[in-house]
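To keep things clear, I will list the structure first and then write my remarks on it.
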Amino acid sequence: LSDRRWLKSKLAELYKHAFPWEALRLAQIPVSFGSDSPIEAPSLSDNLKALKDSVAEGIRELKADPLEFHSHPDKAFADSQTIFENGQVKEIIFNGRNLTT
């Protein structure tokens, strides 16, 4: 998130190859977004804003619902999932236990 202030200058010509979210999606390569914590404060809204803002920085737009990339793709994995409603986290289930109640 904060690296966007200096990343383009450090990568120079290679910058155009950074963050190929849409190309990975089109190639059906699984992508799971996570947190930059502890470097950045964990924040779903900051992650979503960074995805939106990255288009202005020359990163190809992700043409899918980014929330699907914030949940583990295997719903049977450790009986864990994140449930979203209206773009907000509604429930977090980890090892069968609701962490949001």
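The values are calculated or read from the model by the stated rules, or taken from the named source; none is laboratory data. What you see is a predicted model, and the numbers here were worked out from it, not measured in a lab. In this analysis, Cβ positions are derived from the backbone assuming ideal geometry, glycine residues included, and neighbour counts consider all displayed protein chains.
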*What pairs can you find where one residue is in the stretch 43-59 and without any contact (Cβ under 8 Å) to a residue 24 or more places away in the chain, the other is in a helix (DSSP H, G or I), and their Cβ atoms are less than 9 Å apart, with a gap of 6+ or different chains?*
Ser43/Lys49; Lys52/Pro66
_Take Ala12 and tell me if it is at pLDDT 85 or above, loosely packed, with under 15 Cβ neighbours inside 10 Å and either assigned to a helix (DSSP H, G or I) or among the aliphatic types (A, V, I, L, M) (or both)._
yes
*Give the residue that is surrounded by the fewest Cβ atoms within 10 Å (Cβ to Cβ), with candidates limited to residues of the stretch 28-87 that are at pLDDT below 80 and of a type in the set (Phe, Trp, Tyr).*
Phe77
